[in-house]
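> First, the structure itself, so that you have it in front of you.
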Amino acid sequence: MRIAAAQLTCAPADVPANARWLAALAARARAEGAALVVFPELALTGYETEALRLREELWVRPDDPRLDPVRASGVATVVNCATVTEDGRPAIGTLVFGRDGELITTYRKQHLFAHESDVFVAGTEDGAFTLDGVRFSLATCFDNHFPALVARGAAAGCRVHLASALYGTGDGIGELTTLYPRLAEEHGLHVLVANHVGPAGPWTGCGRSAVYAPDGTLLAEADAVSPMIVTADIG
């Protein structure tokens, strides 16, 4: 199976524009033979936490018609965005859609970073799904700094760990390029991380979306400046 990590510079607080951008990247992934493509954290809005706190129209449900371009891409997609909850606040949620646009599963970020807890509801359950016989685990950015979460996925039979993330320039570069190969090696998993590139709310995404082999070897890596996808075969 071939999987893809996508990185982009989001249009701030513009769900329809970003959905079209995600669909275009998904089409590229499909053209390169990928069965699945993963997008960065809050890819439908950018990391616009204040706008997400104030504007409920930026929150989405799995059947949101604004996601039609993504669901129609013909490739499985892992879309991280602000999702509607029963709490009156959004979650940093992951929606996984199959090739035909059907919802496969959802996940809510469990470990909120710093000020995120003022805006979002934390999840309480791990995320996993199966595609073409391969079991995948899910996590969002700061989640991945808690090895027990990744270990639970490996123990449950997951072979690939998928991370939607936002790591900025500066210290974020070292965090991204050190953490994810270590998780791969320590837990014996393929690991994919999809990151922002360019402006992302108060941050500047450092790019470098990547896929790592279970021994920590780098299989594919995006550059530090361009919206793009990278693909890797995971056997």
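> Can you tell me the equivalent ellipsoid semi-axes for the stretch 118-168? Use √(5λ) from the Cα gyration tensor, largest first, whole Å.
Its equivalent ellipsoid spans semi-axes of 21, 12, 11 Å.
> So if the hydrodynamic radius of the stretch 178-226 is defined as the Kirkwood radius over C-alpha pairs, what does Stokes-Einstein give as its diffusion coefficient at 4 °C and 1.567 mPa s, in µm² per second?
117 µm²/s
> Distance in nm between label sites at residue 145 and residue 124, each 7 Å beyond Cα in the beta-carbon direction?
Going by the 7 Å Cα→Cβ label model, 2.4 nm.
> Provide Rg and Dmax in Å for the chain, with only Cα atoms included in the calculation.
15.6, 44
> Would you calculate a helix-derived [θ] at 222 nm for the chain, using -39,500 (n - 2.57) for each DSSP H run of n ≥ 4 and dividing by the full residue count, to the nearest 500?
Taking each H run of at least 4 residues, the total per residue is -6500 deg cm²/dmol.
> Please report, to one decimal in angstroms, the Kirkwood hydrodynamic radius of the stretch 89-191 built from all distinct Cα-Cα pairs.
It is 14.3 Å.
> Still on this structure, please answer the following. Roughly speaking, to the nearest percent, how much of the chain's 1.4 Å accessible area is carbon and sulfur?
Carbon and sulfur: 51 percent of the exposed surface of the chain.
> Starting from the coordinates of the alpha-carbon atoms of the stretch 1-141, obtain the Kirkwood hydrodynamic radius over all distinct pairs and give the value in Å to one decimal.
15.0 Å is the Kirkwood radius here.
> Residues of the stretch 1-91: accessible area per residue at 1.4 Å, in Å²?
Accessible area per residue, the stretch 1-91: 37 Å².
> I want to verify a result. In a Gaussian network model of the chain, Cα cutoff 10 Å, which of these has the top mean-square fluctuation: 22, 52, 162?
52
> Something else: Tell me, what is a quarter of the convex hull surface for the C-alpha atoms of the stretch 1-74, in nm² with one decimal?
Taking the Cα atoms of the stretch 1-74, their convex hull projects to 4.7 nm² on average.
> Specify the longest stretch of the chain that does not include any exposed loop site, a site being one of the GluC sites (Glu not before Pro) with a non-H, G, I, E, B DSSP assignment and at most 11 other Cβ atoms within 10 Å.
Answer from the scan: 126-235.
> Which sequence of 164, 117 reflects their accessible areas, 1.4 Å probe, from the largest down?
117, 164
> Now, a different point. Largest first and in whole Å, what are the equivalent-ellipsoid semi-axes of the stretch 64-115 based on the Cα gyration tensor, each being the root of 5 times an eigenvalue?
23, 12, 9
> Quick check: Cα centre of the stretch 184-235 to Cα centre of the stretch 79-112, how many Å?
Measuring centre to centre over Cα atoms gives 21 Å.
> Return the distance in nm (one decimal) between the two label points of a simple spin-label model at residue 156 and residue 135, each offset 7 Å from Cα along Cα→Cβ.
The two pseudo-label positions are separated by 0.9 nm.
> Would you calculate the separation in nanometres between label points at residue 186 and residue 173, each defined as 7 Å from the Cα along the Cα-to-beta-carbon direction?
Each label point lies 7 Å from its Cα, and together they span 2.4 nm.
> With only Lys, Arg, Asp and Glu charged, each at its Cβ (+1 for the first two, -1 for the last two), find how big the charge dipole of the stretch 85-200 is about the Cα centre; round to the nearest 20 debye.
So the dipole magnitude of the stretch 85-200 works out to roughly 220 debye.
The values are calculated or read from the model by the stated rules, or taken from the named source; none is laboratory data. Model, not experiment: these values are computed from the prediction. Here the Cβ is made from the backbone with ideal geometry for all residues, glycine too, and neighbour counts use every protein chain on show. We work out accessible area using only protein heavy atoms, side chains counted, and drop any ligands, DNA or RNA first. Shrake-Rupley method; radii C 1.70, N 1.55, O 1.52, S 1.80 Å.
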